[in-house]
Amino acid sequence: MSTTSSESKSQLAYRWIRERIAAGVFGPGYRLVLSSVATELSMSVVPVREAVRALTAEGLVTFERNVGARVAAVDGAQYRFAMQTISVLEGAATAFAAPFLEPDDITQARKLNDVVRSGLPDLDPRVFREVNQELHRTLYSKCPNPRLLESIDAEWRRLGHLRGALFDIAPGRAAAAVLEHEALIGLIESGADAEEVERAARRHRNGSLNADLAARHPELNACGFAIPEGA
């Protein structure tokens, strides 16, 4: 893997490991042998160790004494917390961006929604995730608040491999998402007020989250905490 003139060896190692985590090549629990990574990248262990420290700080990797570095395991509660945060941030960003969207942006969002619609009922989960994310990015990317956009990107980076590794499409959710996307796009196109757009965007993200966890983590309550036995 080549590096650019401005990219250090630790940055190269960081990017190489992170790309493989995001792609699912290194799944949850995968043991990262630093010496093997260093050999693969033709570098010493030192920059690889620095890269692993950065990934650990992001929550993508865990490190235990006498065990070593492993790709972080999927945690339903942490997934919920991350998606709740994303729903708040994206809802606000979409509302702020709405007045700045051009007709071409609306057309692009509808084209992406049509990709999901045309793939029903057997849409590949990876395609759904990618197209769905691009649709939402189209609707919020013109938000004039750069700090808000940076926060959204950071949350998605932190969540990335956890969502891709475990969460497929909950039964019936893709079809519901198509209708919710169209309603959200329609609100923006009609010039609805910011509060209404924000509520619709948040309601949609939370709907997807609740469907995911109801199907795969029924032990969690509405706030993302485990329900005590016998409750």
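The values are calculated or read from the model by the stated rules, or taken from the named source; none is laboratory data. Being a predicted model, the structure only gives us computed values, none of them experimental. Cβ sites come from the backbone with ideal geometry, for glycine too, and all protein chains shown count toward neighbours.
If you check Thr94 against the conditions, is it under 25 Å from Val178 (Cβ atoms), more than 16 Å from the chain's Cα centre (by Cα) and part of a helix (DSSP H, G or I)? The answer is yes for Thr94. Residue check: Arg80 meets all listed conditions (1) surrounded by 15 or more Cβ atoms within 10 Å (Cβ to Cβ); (2) modelled with pLDDT of 90 or more; (3) of a type outside the set (Val, Ile, Thr) but one, namely (2).
Conditions (1) at pLDDT 95 or above; (2) more than 22 Å from the chain's Cα centre (by Cα); (3) surrounded by fewer than 14 Cβ atoms within 10 Å (Cβ to Cβ), marked per residue:
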| site | (1), (2), (3) |
| --- | --- |
| Ser2 | no, yes, yes |
| Val25 | no, no, yes |
| Ala38 | yes, yes, no |
| Met43 | yes, yes, no |
| Val46 | yes, yes, yes |
| Arg65 | no, yes, yes |
| Ala69 | no, yes, no |
| Ala72 | no, no, no |
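In segment 102-114, is there at least one residue being in contact with a Phe, Trp or Tyr (Cβ under 8 Å, 6 or more places away or on another chain) and either under 23 Å from Gly172 (Cα atoms) or surrounded by 15 or more Cβ atoms within 10 Å (Cβ to Cβ) (or both)? Write out each step before concluding.
Taking segment 102-114 and keeping what is in contact with a Phe, Trp or Tyr (Cβ under 8 Å, 6 or more places away or on another chain), we get none.
Scanning segment 102-114 turns up no residue that is in contact with a Phe, Trp or Tyr (Cβ under 8 Å, 6 or more places away or on another chain) and either under 23 Å from Gly172 (Cα atoms) or surrounded by 15 or more Cβ atoms within 10 Å (Cβ to Cβ) (or both).
Taking every residue in segment 131-147 that is within 15 Å of Ala109 (Cβ to Cβ) and pairing it with any residue that is among the hydroxyl-bearing types (Ser, Thr, Tyr), at least 6 positions away or on another chain, the pairs with Cβ-Cβ distances below 8 Å are His136/Thr94; Leu139/Thr94; Tyr140/Thr94; Cys143/Thr94.
The set of residues in segment 68-91 that are in contact with a Leu (Cβ under 8 Å, 6 or more places away or on another chain) and in a helix (DSSP H, G or I) comprises Gly76, Ala77, Gln78, Tyr79, Arg80, Ala82, Met83, Gln84, Ile86, Ser87, Leu89.
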